[in-house]
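*Asks:* I am attaching a structure below and will ask some questions about it afterwards.
The values are calculated or read from the model by the stated rules, or taken from the named source; none is laboratory data. In this text the structure is predicted, and so the values were computed from the model without any measurement. Here the Cβ positions follow ideal geometry from the backbone for every residue, glycine too, while neighbour counts run over all protein chains shown. Just the protein is used for accessible areas: all its heavy atoms, side chains included, with ligands, DNA and RNA removed. Shrake-Rupley method; radii C 1.70, N 1.55, O 1.52, S 1.80 Å.
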Amino acid sequence: MATTSSIPAWSAGSSLLSWNSKYLLFYGGAQVELTLDNSFSTPQPSNDLWLFDTVSATWSLLSTNTTARAPPLSAWSMAAIAADVLHVNVWAGDTNNLPPLTLYRYDLKARQWLAPVTSLIPPIFKGSMFQYAGNLLMVGGEATLNTIPPSMGDNYTTAVIQYAPSTNTWTSLPPLPFSLNLPGATVTALGHAVTFGGYGCRAGPCPNASGAFQNKAYVSLLAQGGINGVNSQTWVDLNLGDAGAPTAREAPCVVAVDNVVYVYGGRSSSTVGKGFIYTYYDDLHALDLSQPTAKWKDLSSDAKSANPDFPSMQWA
């Protein structure tokens, strides 16, 4: 492990996780730089793993592309921690390859990559993943094969799949109401699984031109105690309306602190298909699920505004 005064490079598609109430882990992502002719460079994917000590306020670089058993370079990743082991699912689409059907594992105590899990891995990427009760849940994303029902159009999927590291088994849970690519998802202390945002459709086929950015909040109950009428593992639209809510977007950061869900950032576009021109957001919203009736609260000083430091970029 190399301790450094530098910080991770700015990126999109990274994973940021908390560990042991003291550390933050930052994994992967990709950079896109503005060139002299005002165009945007090819995304530069990363598999760097950083650790931030919140007490000493220092970054440590744990792993790079040359580290043994490190995942391949990837622009998008799903990651979660269970039993002090970081689990990473990556997308290798930057090199026009299908993502490897592999779950990469990093032992946070031993500080080394373990042998990856390569059997029975659902062919899903660009979704969201979180840990609950020692298991990992993969939510939405794209399916590389039409074997994860129901999969639609551009292979956006409604799939919700649970992985038990202790037994290396995968179990399908009730699906999302929408096929969602790049949603954000988390779980509260009360056991409410929450997904927000993404790009997709309610019914297929779902080509880019037929899809839409979403600002729905769906909740599935993983433990006892209902909220807004939700009392089962079936995903339910909370029907919160637009008051105080984030605008429709994909790839937001979604995290829960106790029973409050926070949504930060993400991106959306008014164009569709090849040549998307994205607007990136820096607004922050909160959804308190400890109350009998949940409502959004806008915590931004300048809500729903594009970050002036990162101009909208066009992807060819």
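*Asks:* Quick test of your reading of the structure: PRO45 fulfils all but one of (1) buried (at least 19 other Cβ atoms within 10 Å of the Cβ); (2) at pLDDT 90 or above; (3) under 30 Å from THR158 (Cα atoms). Name the failing condition by number.
*Replies:* (2)
*Asks:* Which members of the range 140-189 meet the condition of being among the aliphatic types (A, V, I, L, M), at pLDDT below 85 and assigned to a loop (DSSP other than H, G, I, E, B)?
*Replies:* Across the range 140-189, the qualifying residues are LEU145, ILE148.
*Asks:* Anything in the range 221-242 that is open to solvent by 70 Å² or more (accessible area, probe 1.4 Å), on the phi < 0 side of the Ramachandran plot and either at pLDDT 80 or above or not in a loop (DSSP other than H, G, I, E, B) (or both)? List them, or say none.
*Replies:* Selection gives THR234 alone.
*Asks:* Could you check the range 284-298 and list, in sequence order, the residues that are touching a residue at least 40 places away in the same chain (Cβ under 8 Å) and in a strand (DSSP E or B)?
*Replies:* Listed by number, the residues that qualify are HIS285, LEU287, TRP296, LYS297, ASP298.
*Asks:* Do you know which of the residues in the range 283-302 that are among the acidic types (Asp, Glu) and farther than 17 Å from VAL187 by Cβ is surrounded by the fewest Cβ atoms within 10 Å (Cβ to Cβ)?
*Replies:* Among those that are among the acidic types (Asp, Glu) and farther than 17 Å from VAL187 by Cβ, it is ASP302.
*Asks:* Further question on the same structure: Counting only residues that are touching a strand residue (DSSP E or B) at 6+ places or on another chain (Cβ under 6 Å) and not in a strand (DSSP E or B), how many does the range 52-91 have?
*Replies:* The total comes to 7.
*Asks:* Going by the structure shown, is VAL255 at pLDDT 75 or above, open to solvent by 20 Å² or more (accessible area, probe 1.4 Å) and either β-branched (Val, Ile, Thr) or part of a strand (DSSP E or B) (or both)?
*Replies:* yes
*Asks:* Let me ask another. Residues being under 19 Å from VAL187 (Cα atoms), crowded, with 22+ Cβ neighbours inside 10 Å and of a type in the set (Phe, Trp, Tyr): count how many of those fall in the range 108-139.
*Replies:* Adding up the residues that qualify gives 1.
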